[in-house]
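Below: one structure, written as structure tokens.
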Amino acid sequence: MSNVIVNPKTYTGSELEKIFFRPILSGPTAEELGIRVLYNMPVPTILPVVTHSGNVLSSLDSSSSWVGNRKSTIQKEIKLERVKAENAFSASDYFTTIFELISNQSGLNMEDLSGTQLEQAETELFRKAIAESIRMNMWLGDKGNTLSTGYSSFDGLLKKVREKTHSDYFYYSDDDLETSFTGNITELFEKMIAEASPKLKGLFHEGQVAFFVSPDLYKLYQDHLDSEFGTAAYADVQNGRKALMYKGFSVIEVNLEPMISSSKISDQFIIFTDRRNLVLAVNTADVPGSEIRMWYNPDEMENRQRAVFAIGCEILDNELVCAATNYIP
């Protein structure tokens with residue numbers, strides 16, 4: 001049995017969508033991101049801002065003609081950047097990793113590592129790497145590379161929040177946001193709910209408004225819940241919590257460690273907004289050269305993986321965001 005995997009694989013067109021990106025960007029995987037995910041929308045990708053419907057009623061007796069108003073809609077274009085994702089493994093490390101992924105499968109002929117099971121294992125390995133890189137870039141991206149995040153393919157959501165003015169957002173600015181609310185993190189939740197714009201408050205009843213919080217502040221809220229007594233709290237201690245809520249609003253942990261701690265972006269933050277207002281867009285249909293390739297390089301004795309596609313994220317409406325951070329440079 002050779003300890004080298006040499007079969008090249010290339011995916012384009014519908015295979016690229018079905019095998020790699022659709023599983024990442026739909027279903028439970030997309031829901032874990034907590035925001036709105038768009039895949040292969042027409043380019044340029046232009047969306048209306050999130051808003052509730054206006055008044056469409058009028059008196060039928062007062063006029064028999066059309067009285068519906070043509071109302072202009074505020075739109076936002078999501079700028080997509082052409083990017084590539086690349087991985088390289090030494091031949092022996094790659095073989096060991098793939099072998100571990102498939103060794104427990106029944107009916108596998110270990111003398112012939114060239115079938116569907118091998119392809120599925122290689123696909124899964126690269127797909128997980130792409131999914132995690134998309135998530136980290138979505139939050140920490142800094143195209144200008146001035147914030148030392150380590151992710152410079154496109155501008156992410158935290159940079160876009162950071163660049164907004166105080167008039168657009170409510171900020172609690174302190175050297176240590178965690179210390180300020182150690183007693184009761186719900187004070188901050190309450191303040192952000194109260195300081196939310198009328199437009200955001202108008203969307204509360206639709207059930208899409210949520211808190212996106214850093215791990216330390218998420219833990220503060222967990223500690224607060226643990227300090228409460230009762231049967232429900234006892235069950236939580238034993239079984240853990242699948243998801244946290246505060247007064248009907250989801251509390252979503254955004255874990256960006258260890259990269260965020262070494263960057264110039266605040267590692268303590270809360271973003272209070274409608275999930276649909278934060279948008280990630282990925283396109284593989286309208287980008288020249290979009291593909292997935294996996295091959296063996298005999299000169300370097302490496303197994304290599306490469307993906308080419310377009311991606312970008314955007315905050316559709318600044319008025320629908322209320323943010324708190326420990327420090328604003």
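The values are calculated or read from the model by the stated rules, or taken from the named source; none is laboratory data. Worth saying up front: this structure is predicted, and the values here are computed from it rather than measured. Cβ coordinates were reconstructed from backbone atoms using ideal geometry, including for glycine residues, and neighbour counts include every protein chain displayed. We work out accessible area using only protein heavy atoms, side chains counted, and drop any ligands, DNA or RNA first. Shrake-Rupley method; radii C 1.70, N 1.55, O 1.52, S 1.80 Å.
Brief remarks on what is shown
- Checked against (1) part of a strand (DSSP E or B); (2) open to solvent by 50 Å² or more (accessible area, probe 1.4 Å); (3) of a type in the set (A, V, I, L, M); (4) within 27 Å of residue 294 (Cα to Cα), residue 6 passes all but a single condition, namely (1).
- Complete set of residues in the range 77-98 that are in a helix (DSSP H, G or I) and among the β-branched types (Val, Ile, Thr): 96, 97, 98
- Residue count for the range 104-161, restricted to those that are part of a loop (DSSP other than H, G, I, E, B) and either modelled with pLDDT of 80 or more or within 15 Å of the chain's Cα centre (by Cα) (or both): 16.
- Only residues that are over 17 Å from residue 315 (Cα atoms) and open to solvent by 30 Å² or more (accessible area, probe 1.4 Å) were counted in the range 202-220, giving 7.
- Any hit, the range 285-299, residues being in contact (Cβ under 8 Å) with a residue 40 or more places away in the chain, part of a strand (DSSP E or B) and among the hydroxyl-bearing types (Ser, Thr, Tyr): yes
- First in the range 237-264 and over 12 Å from residue 34 (Cα atoms) and modelled with pLDDT under 90, second anywhere and open to solvent by less than 40 Å² (accessible area, probe 1.4 Å) and not in a loop (DSSP other than H, G, I, E, B), Cβ under 8 Å, 6 or more apart: 244/218; 244/221; 244/250; 244/251; 263/140
- For the range 238-279, the set of residues classified as touching a Gly at 6+ places or on another chain (Cβ under 6 Å) and of a type in the set (Val, Ile, Thr) consists of 252 only.
- Among (1) out of contact with any Lys or Arg (no Cβ under 7 Å at 6 or more places or on another chain); (2) open to solvent by 50 Å² or more (accessible area, probe 1.4 Å); (3) modelled with pLDDT of 90 or more; (4) of a type outside the set (Val, Ile, Thr), the one test that residue 277 misses: (2)
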